[in-house]
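Peer 1: Quick one: the structure is below, questions incoming.
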Amino acid sequence: MKVFYSNLILAVVSLLAFVLLSEVGSANPFVFGIPPYRTDAVGSPVQRTGFVGSERRAQVTRLSEPQAIAVDHAAGQLYWTDSGTHEIYRANLDGSGRQTIVEWTPNPRGIAVANDKIYWSDSGIHQINRANLDGSSREILLTGLSDPQGIAVDRAAGKLYWTDTGTHQIYRTNLNGSGRQILVKWSHKPLGIAIDSVGRKLYWIDSGNHQIHRSNLDGSRHHVIVKWAPNPQGIAVDDVGGKIYWTDSGTHNIHRANLDGSGCETLVKWSYNPRGIAVDKNGGKIYWTDSRTHQIYRANLDGSRLEILVALPKRS
């Protein structure tokens, strides 16, 4: 009889624990890092949010540690790097149709799309590589780098820009890797980088100094436009709307400001460890990665209509 009651008590406690964790998880999708799912009438996965009556539809796939993200406006596709799976992916802008296009690159960081090519930095092999949009015809553009991070392409001038946290510098080169120049000789910890193709300006994150910087595309007229950001990571420019957007893993927020750094706003008030960010000017959306929740998110340019596009707990 004692054994029976002991087993009964254990079963009740287990049931109560399960119910409690389920309720906590559905109130906050970030608790324990595992998003709670249910299926709707047609069997599509839907993720609950902590807001009454609100839901976020998810295209389920596998992510580990997504880093940088880029939008191909012409083709309507997303590209992102994942340093956990050591791969590069692409998908449609709604998160569907995911493909692995580069199956092995040790520690991919920044990514850019231009002229039917993808460009990415790899801090594990100290290189910048290039390939066709489907990952074919891969080639090494630059090798022997220190710790390359963010990457951006100026299509109009045919230039490639990147940050290097090992040398604390910012560089540019021609798209074929020739003609390397040092543009900024000292930046404490430069990470994300972006180009204003209309205003012909260069923007970058310095997470070591907790700042956002701007200069001309040749590195001249360099000054700080955001003097304090706890731990900024990625940056994107909407040169049509006249805004910069950035992620901050210190505030766990997504922010934006005018191109001169004025008018700072917080758009999304919680993202666990936001990393890369990209703007779809044509579709009026921002996209960002979160390496802690292993997800890719999308929202309107003002932060409304938040969606999780690609989501699954980190594989073991």
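Peer 1: Please count how many residues of the range 134-164 are open to solvent by less than 30 Å² (accessible area, probe 1.4 Å), at negative phi and not aromatic (Phe, Trp, Tyr).
Peer 2: Residues meeting the conditions: 13.
Peer 1: Then there is this: So in the range 249-258, with the set limited to residues that are part of a strand (DSSP E or B) and open to solvent by 10 Å² or more (accessible area, probe 1.4 Å), which one is farthest from ILE193 (Cα to Cα)?
Peer 2: ASN253
Peer 1: Something else now. So ILE205 passes all but one of these: (1) touching a Pro at 6+ places or on another chain (Cβ under 6 Å); (2) open to solvent by 10 Å² or more (accessible area, probe 1.4 Å); (3) not charged (D, E, K, R). Which condition number does it fail?
Peer 2: Just one mismatch for ILE205, condition (2).
Peer 1: Against the definition (open to solvent by less than 40 Å² (accessible area, probe 1.4 Å), among the hydrophobic types (A, V, I, L, M, F, W, C) and closer than 15 Å to ALA257 by Cα), how does TRP246 come out, yes or no?
Peer 2: yes
Peer 1: Also, I was wondering about something else. What is the residue count in the range 222-235 for residues that are open to solvent by less than 40 Å² (accessible area, probe 1.4 Å) and either within 16 Å of LEU183 (Cβ to Cβ) or assigned to a strand (DSSP E or B) (or both)?
Peer 2: 6
Peer 1: Out of the range 165-202, which residues are open to solvent by 40 Å² or more (accessible area, probe 1.4 Å) and in contact with a His (Cβ under 9 Å, 6 or more places away or on another chain)?
Peer 2: Selection gives HIS168, LYS185, TRP186, HIS188, LYS189.
Rundown of residues vs (1) of a type outside the set (A, V, I, L, M, F, W, C); (2) in contact (Cβ under 8 Å) with a residue 60 or more places away in the chain; (3) not in a strand (DSSP E or B), yes/no style:
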| position | (1), (2), (3) |
| --- | --- |
| SER220 | yes, no, yes |
| VAL237 | no, no, no |
| GLY241 | yes, yes, yes |
| SER271 | yes, no, yes |
| ILE277 | no, yes, no |
| THR289 | yes, yes, no |
| ARG292 | yes, yes, yes |
| ALA299 | no, no, no |
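Peer 1: If you don't mind, there's one more thing I want to ask. Please go through the range 106-133 and give me each residue that is in contact with a Ser or Thr (Cβ under 8 Å, 6 or more places away or on another chain) and either surrounded by 23 or more Cβ atoms within 10 Å (Cβ to Cβ) or part of a strand (DSSP E or B) (or both), ordered by number.
Peer 2: PRO108, ARG109, GLY110, ILE111, TRP120, ASP122, GLN127, ILE128, ASN129, ALA131
Peer 1: In contact (Cβ under 8 Å) with a residue 40 or more places away in the chain, out of contact with any Leu (no Cβ under 8 Å at 6 or more places or on another chain) and among the polar types (S, T, N, Q): which single residue out of SER187, SER197 fits that description?
Peer 2: SER197
Peer 1: Of all the residues that make up the range 260-280, how many are within 15 Å of ASP94 (Cα to Cα) and of a type outside the set (Asp, Glu)?
Peer 2: Within the range 260-280, residues that are within 15 Å of ASP94 (Cα to Cα) and of a type outside the set (Asp, Glu) number 2.
Peer 1: Taking the options TRP104, TRP120, name whichever one is aromatic (Phe, Trp, Tyr) and more than 17 Å from the chain's Cα centre (by Cα).
Peer 2: Residue meeting the stated conditions: TRP104.
Peer 1: Separate question: Report the residue count in the range 84-122 for those that are closer than 17 Å to ASP164 by Cα, of a type in the set (S, T, N, Q) and in contact (Cβ under 8 Å) with a residue 40 or more places away in the chain.
Peer 2: The qualifying residues number 1.
Peer 1: So which residues in the range 259-282 are open to solvent by 30 Å² or more (accessible area, probe 1.4 Å) and at pLDDT below 95, if there are any at all?
Peer 2: LYS269, TRP270, TYR272, LYS281, ASN282
Peer 1: Next question. Mind listing whichever residues of the range 162-184 are within 18 Å of SER220 (Cβ to Cβ), among the aliphatic types (A, V, I, L, M) and touching a residue at least 40 places away in the same chain (Cβ under 8 Å)?
Peer 2: Within the range 162-184, ILE170 is the sole residue that qualifies.
The values are calculated or read from the model by the stated rules, or taken from the named source; none is laboratory data. This one's a predicted model, so the numbers in the text were calculated from it and none came from an experiment. Note that we place each Cβ from the backbone using ideal geometry, even for glycine, and neighbour counts take in every protein chain shown. Accessible surface is based on the protein model in full, side chains and every heavy atom, while ligands, DNA and RNA are left aside. Shrake-Rupley method; radii C 1.70, N 1.55, O 1.52, S 1.80 Å.
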